[in-house]
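The values are calculated or read from the model by the stated rules, or taken from the named source; none is laboratory data. Source: prediction; values computed, not measured. All Cβ positions, glycine included, derive from the backbone under ideal geometry; neighbour counts span all protein chains shown.
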Ligand SMILES: [Zn+2]
Ligand SMILES: [Zn+2]
């Protein structure tokens with residue numbers, strides 16, 4: 001077994017609120033600098049920058065899991081994390097079919113599709129910051145059907161979180177874990193709340209700027225940097241575990 005330093009929530013320049021400096025190459029280089037073994041690229045409602053980041057990760061020695069951060073009809077953010085890019089792209093198709101509106105870059109920010117040489121490939125003009133017309137339950141089901149994991153984002157935040165929007169996990173919503181932005185909250189005032197949720201807890205950076213990458217990390221004790229091992233670690237199976 002090995003301890004993998006992991007940040008499962010990183011945005012790129014495709015997210016309207018993501019800094020334009022969050023280009024594929026700069027992201028992966030920063031991850032290396034920070035000693036990260038595994039990351040997940042989770043842009044808002046899109047996986048269009050996943051491919052170059054995965055490829056660069058392979059070259060530079062960082063395991064990049066393809067993902068996205070989906071904003072549900074209830075305005076709950078959750079991370080969809082997959083083992084393979086094609087699964088993330090299949091999820092993106094479902095999300096795009098339920099996502100309306102056009103981006104206003106001057107208001108929300110540019111949504112840049114970039115390649116592995118950090119060149120601009122184009123701009124996404126969907127309203128990626130918007131909520132998709134799918135309930136959290138449908139989203140989690142779709143993620144699972146495609147073989148991914150669903151982790152509720154930043155549950156300790158006062159907006160766009162499971163606890164701020166719903167206050168509980170509705171029956172039928174089978175999350176694989178919850179993310180906290182502040183591990184101190186998890187150990188302090190949030191301790192009882194998290195115990196009641198009864199779900200595995202991770203922390204990650206939710207980086208929108210290069211300097212934020214790796215500011216919060218979780219350590220996964222497991223055999224290999226794969227999604228299946230992460231699943232086992234979240235479930236505490238066969239000696240695998242996760243800690244903040
Ligand atoms: Zn979020
Ligand atoms: Zn985020």
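Data overview
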quantity	calculated
Residue in region 46-66 that is modelled with pLDDT of 95 or more, surrounded by fewer than 24 Cβ atoms within 10 Å (Cβ to Cβ) and within 16 Å of ligand 1 (Cβ to nearest atom) present	no
Test: residue in region 18-26 that is surrounded by 18 or more Cβ atoms within 10 Å (Cβ to Cβ), touching a helix residue (DSSP H, G or I) at 6+ places or on another chain (Cβ under 8 Å) and at pLDDT below 95	yes
Positions within region 142-163 being free of Cβ contacts under 8 Å to residues at least 24 places away in the same chain and crowded, with 16+ Cβ neighbours inside 10 Å, in sequence order	none
Failed item, numbered, when residue 52 is tested on (1) in a helix (DSSP H, G or I); (2) without any contact (Cβ under 8 Å) to a residue 40 or more places away in the chain	(2)
Residues located in region 176-204, provided they are in contact (Cβ under 8 Å) with a residue 60 or more places away in the chain and surrounded by fewer than 22 Cβ atoms within 10 Å (Cβ to Cβ)	183
